Amino acid sequence: MHASVSVIIPCYRCADTIQRAIDSVLAQTLQPKEVLLIDDYSDDEEKTLRVLHHIQATVKAIEIKIIQLEKNCGPGSARNAGWEDATQRYLAFLDADDSWHPKKLEIQYQWMLKHADSVLSGHPSRKVSEFSELPVLPESLISQRVNKYKLLITNCFPTRSVMLRRDLSFRFLPEKRYAEDYLLWLSIVLNSRPAHVLNMPMAYTYKQEFGDGGLTGDLWKTQKGVIDTFQRIYNAGLISRLVFIFISSFSYLKYSRRWVLIKWRIKKES
C-alpha cells in the first residue's frame, strides 16, 4: 500500500547526502507513490547525476523520477518543476541533505485525509547528528491552525516538514533563492487557505538553521530574502503598510540576534 504522495527533492551537488534522504523515504511505514529528484544543473562533473541514476536503478519499491534542469535556478524553481510533473494528490518536500522520521508520511498523510479542508500542513524540525537517536514523538497528535499574524512573525513551516495539496494554484516564485518557501506559505495563508501545524517533530536537519553552510549560511542574503518576501506580499495588498513596517523591523531584530549567536559560536569553537 502506498500513500497518494509525490515526494519532491531538489538536488544540487548532493552526491554525498542524497542517499541518506532517500533511505529515510524508503524507511517510511507508509511509503509514497513516487519520488521526484530534480537535478538543479549540478556543476560537479555529473557526480550528482550518477548517484541519482544509481538510486533510480536500484530502488524498486517506489517509482523514482529524475528531472534535469537546463540551468541552475534555485530550490524554488526545482520544486516547481517537480510539482508540475507530480501525479499524486499530495506533495511532500524534502531537501537532499535532510531526512524524515519513519512515521512522518503515515501520520501526516492520514491527518491530511481526515482534514480535507486543510491545504497545507507542517510540523517541527530538529537538528540531529549523523548517529544520534531520533527524538521521541509525543503520544498524542495535536494540530493547530496557523493564523496570518503568527506566520508573519515566524516561519513555522520548515520546508522539509511541509505536505500540501497538489491542486493548489500557488507556486514558488521562480528563481527566488532566499525565503522563497516563506513567500509561498504566506501567500497561501494570507489568501485565507487553511494551514495547520502538527506537534510531531518528524523532520531532521544535520546543520545549524543559520550560519552553518548552504543558503542559510549567508545570513545577510537570507535577511534580504525575508524583507523581499514582506515587500512582495505588501505590494500584493495582502498586508497593510503598518504591518509591513512592524514585521520588517522585528525581522531585523531577529537578524541581529542571529548575528550575535553566530559570532559567539565561532568564538567558542576557535
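The values are calculated or read from the model by the stated rules, or taken from the named source; none is laboratory data. A quick note: this is a predicted structure, and the numbers were derived from the prediction, not measured. Cβ coordinates were reconstructed from backbone atoms using ideal geometry, including for glycine residues, and neighbour counts include every protein chain displayed.
Given the conditions (1) surrounded by fewer than 17 Cβ atoms within 10 Å (Cβ to Cβ); (2) more than 16 Å from Glu180 (Cβ to Cβ); (3) not acidic (Asp, Glu), which single one is not true for Lys224? Here Lys224 clears every test but (2).
Got at least one residue in the range 43-53 being of a type in the set (A, V, I, L, M), under 26 Å from Met200 (Cα atoms) and touching a strand residue (DSSP E or B) at 6+ places or on another chain (Cβ under 6 Å)? For the range 43-53, residues of a type in the set (A, V, I, L, M), under 26 Å from Met200 (Cα atoms) and touching a strand residue (DSSP E or B) at 6+ places or on another chain (Cβ under 6 Å): absent. Checking each residue of the range 17-39 against the condition of being in contact with a helix residue (DSSP H, G or I) (Cβ under 6 Å, 6 or more places away or on another chain) and of a type in the set (S, T, N, Q) gives at least one match. Looking at the structure I just gave you, is Ile239 in contact (Cβ under 8 Å) with a residue 24 or more places away in the chain and over 22 Å from the mean Cα position of the chain (by Cα)? Criteria met by Ile239.
Might you check whether a residue that is surrounded by 16 or more Cβ atoms within 10 Å (Cβ to Cβ) and more than 18 Å from Tyr178 (Cα to Cα) occurs anywhere in the range 228-241? Checked the range 228-241: at least one residue is surrounded by 16 or more Cβ atoms within 10 Å (Cβ to Cβ) and more than 18 Å from Tyr178 (Cα to Cα). Each residue in the range 29-49 was checked for being touching a residue at least 60 places away in the same chain (Cβ under 8 Å) and in contact with a Lys or Arg (Cβ under 7 Å, 6 or more places away or on another chain), and 1 of them qualify. Across the range 218-270, the number of residues qualifying as in contact with a helix residue (DSSP H, G or I) (Cβ under 9 Å, 6 or more places away or on another chain) and of a type outside the set (Gly, Ala, Ser) comes to 28.
Pairs meeting the criteria (first residue in the range 110-137 and among the polar types (S, T, N, Q), second residue modelled with pLDDT under 95, beta carbons under 9 Å, at least 6 apart or on different chains) are Ser125/Glu209; Ser129/Tyr206. Pairing each residue of the range 176-201 that is among the acidic types (Asp, Glu) with any residue that is part of a strand (DSSP E or B), provided the two are 6+ apart or on different chains, yields C-beta distances under 9 Å for Asp181/Phe93.
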